[in-house]
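These notes are about the structure you will find just below.
The values are calculated or read from the model by the stated rules, or taken from the named source; none is laboratory data. These numbers were taken from a predicted model, which means no experiment stands behind them. So basically every Cβ, Gly included, is an ideal-geometry build from the backbone, and we count neighbours across all protein chains shown. With ligands, DNA and RNA removed, areas are computed over all heavy atoms of the protein, side chains included. Shrake-Rupley method; radii C 1.70, N 1.55, O 1.52, S 1.80 Å.
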Amino acid sequence: MRDVASERDVDRPGTTERVVTLDVNGRSYTLRLDTRVTLLDALRDRLGLTGTKKGCDQGACGACTVHLDGRRVLACLTLAAQAEGRAITTIEGVAGTEGPHPVQRAFMDHDGFQCGFCTPGQIMSAVALMAEGRAGSDEEIREFMSGNLCRCGAYPNIVAAVREAASGGGYDAHL
Amino acid sequence: MRTFEYVRATDTQEVVRMLAEDPSASCLAGGTTQLDLMKDGVLEPPTLIDITRLPLHGIERRGESLHVGALATMEELAADSTVAERLPVVREALLLGASVQLRNMATIGGNLLQRTRCRYFRDPAVLECNKRAPGTGCAAVQGAARMHAVLGVNENCIALHASDLAVALVALDAVVHIQGLSGRRTVPLTEFYVTADESPERENVLEHAELITEVEIPLPPPSARSGYLKVRDRVSYEFALTSAAVVLVVEDGTIRQARVGLGGVGSKPWRAYEAEHVLTGAPATSATFQDASEATMRDAWTVPGTAFKVPLARRTLVRELQTVSGVTA
Ligand SMILES: Cc1cc2nc3c(=O)[nH]c(=O)nc-3n(C[C@H](O)[C@H](O)[C@H](O)COP(=O)(O)OP(=O)(O)OC[C@H]3O[C@@H](n4cnc5c(N)ncnc54)[C@H](O)[C@@H]3O)c2cc1C
Ligand code: FES
Ligand code: FES
């Protein structure tokens, strides 16, 4: 889905709309947005990228976790305008050409979910956790994944999945 | 959320000028307090100035102090090598706060300026809140208080300042660098905050048309040991019920220097001078630590929901003094 703002929609002083160009999963999208629109709502409602979930919409649950310039952040407390010029990666962008990301495969193998609602956020967090070098032990995984809540309580399997993905677990990590 | 104009700033002095011209404009840093409260309808600025692209991100050691740009993130500061080596109390306070996602967004300036988590303050449907609407009363005093303060409070407001970092920084005598229309000034963090019993609505001495540009942290002597203990309802990702920031220099069993901050208890990050007074020059023993903790919390003003904090804060301090000194006997 592509939503292109027209030429005349330049920013005027006093306006509460803004033309915003977002770089999502390597593609560039230009949108005309109400300034209140969060990155989360822009992704879901304007770009149709509904993999990123809205749980609390207030920074408490982690369901909306995405990467901005490689760092995990909460899309619900980021204005779309703030994300301009940054490389945004969502769950739709983590898989490689040769299939799911090792963390995605590990979540499937370990049944790291029940209803699946928190899963995209968990996976985005876990991918970042590995890059941060914080998947050294179960204790470390639990601490540094604590910003992602799971209402179904799938935590033991989530930790097992992250542990396996982090240890290579027979997968070819491609990050 | 009310509509607002979004302005992306690139020049610090320009932001100060915009703020001076518009008394209702607000700044947006990491947004983890600002946007949260705008969603709740507590804050409704017609203009939001995004300051995240100002050149205030650097973390630099100059001699025996660390200069931290106001827009450095909590994760960036926690990862700094000087912080790891010389300021364990800062590193621990940072890493025990919020979650990695929030720490990647939240800035050091924003952290010091975060607003209280009081649920009555955060809910505009509640009419009694002297902080939001001066003169209306305090719903928390009669209501369900738990995550509230017991020092620097009275029946007019018991809102807690919930920053962990600020507790470590008051103990370290950090200094806030501020830029205003007429230039720069510096304020010691211990003099930066205003307590709720003085004025519920005004929380610090920052003027509307002023920006925090930097936080300067003097490094404790290389022989100092430090740490932060946070006691909470959940193991991780939760605000403090009580916390203690401790910096000690111990020589031959005698405490030469002591700096103590207490969290989860004050309407501002609390510096426990009375505990330091007991500790300094005394033998590093559990008996001394006990005496020091007894000296704190004497001015506590509690309601039934917060009375537990007085003994808990004292025990938290004793435990952290033991951990930092390595003396448990
Ligand atoms: C779910 C959750 C859990 C949390 N847990 C913890 C915790 O355990 N411990 C803890 O300490 N904190 C915790 N926090 C609070 C968090 O640390 C703060 O919200 C954050 O540090 C604020 O920084 P920010 O950059 O996002 O500020 P913003 O939200 O962008 O700004 C906060 C305020 O400061 C003003 N401002 C920001 N920067 C400047 C500046 N340089 N000069 C002048 N004004 C400025 C803004 O106008 C605004 O009024 C938590 C927050 C959430 C949402
Ligand atoms: S939806 Fe963003 S943290 Fe819950
Ligand atoms: S799997 Fe249902 S919320 Fe986590």
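Annotations
- Only listed residue being more than 16 Å from ligand 3 (Cβ to nearest atom), out of contact with any strand residue (DSSP E or B) (no Cβ under 7 Å at 6 or more places or on another chain), of a type outside the set (A, V, I, L, M, F, W, C) and open to solvent by less than 40 Å² (accessible area, probe 1.4 Å), chosen from A:99, A:51, A:59, A:85: A:99
- Identification of strands (runs of 3 or more DSSP E) wholly contained in the range B:158-270 with 2 or more residues that are crowded, with 20+ Cβ neighbours inside 10 Å yields B:175-180, B:211-218, B:225-231, B:242-251, B:254-263.
- Residue B:56 being away from chain A (no Cβ under 12 Å) and under 23 Å from residue B:228 (Cα atoms): no
- For the range A:145-169, a residue qualifies if it is free of Cβ contacts under 8 Å to residues at least 24 places away in the same chain, in a helix (DSSP H, G or I) and either of a type in the set (A, V, I, L, M) or surrounded by 23 or more Cβ atoms within 10 Å (Cβ to Cβ) (or both), and exactly one does: A:159.
- Residue check, residue B:35 within 13 Å of ligand 1 (Cβ to nearest atom) and closer than 27 Å to residue B:231 by Cα: no
- One residue stands out in the range B:267-305 among those that are among the aliphatic types (A, V, I, L, M) and under 20 Å from the mean Cα position of the chain (by Cα): the one that is farthest from residue B:155 (Cα to Cα), namely B:275.
- Scanning the range A:108-119 for residues that are part of a helix (DSSP H, G or I) and buried (at least 23 other Cβ atoms within 10 Å of the Cβ) turns up just one, A:119.
- Of all residue pairs spaced 6 or more apart or on separate chains, those with beta-carbon atoms under 7 Å, a first member in the range B:229-253 that is more than 15 Å from residue B:171 (Cβ to Cβ) and more than 13 Å from chain A (Cβ to nearest Cβ) and a second member that is part of a strand (DSSP E or B) and among the basic types (Lys, Arg) are B:250/B:256.
- Among (1) within 18 Å of residue B:115 (Cα to Cα); (2) in contact (Cβ under 8 Å) with a residue 24 or more places away in the chain; (3) within 12 Å of ligand 1 (Cβ to nearest atom), the one test that residue B:26 misses: (2)
- All positions within the range B:35-77 that are in contact with a Leu (Cβ under 6 Å, 6 or more places away or on another chain), open to solvent by 20 Å² or more (accessible area, probe 1.4 Å) and of a type in the set (D, E, K, R): B:64
- Scanning the range A:142-157 for residues that are touching a Leu at 6+ places or on another chain (Cβ under 6 Å) and within 12 Å of ligand 3 (Cβ to nearest atom) yields a count of 0.
- Scanning the range A:64-104 for residues that are under 16 Å from residue A:22 (Cα atoms), facing chain B (nearest Cβ under 9 Å) and of a type in the set (Ser, Thr, Tyr) turns up just one, A:78.
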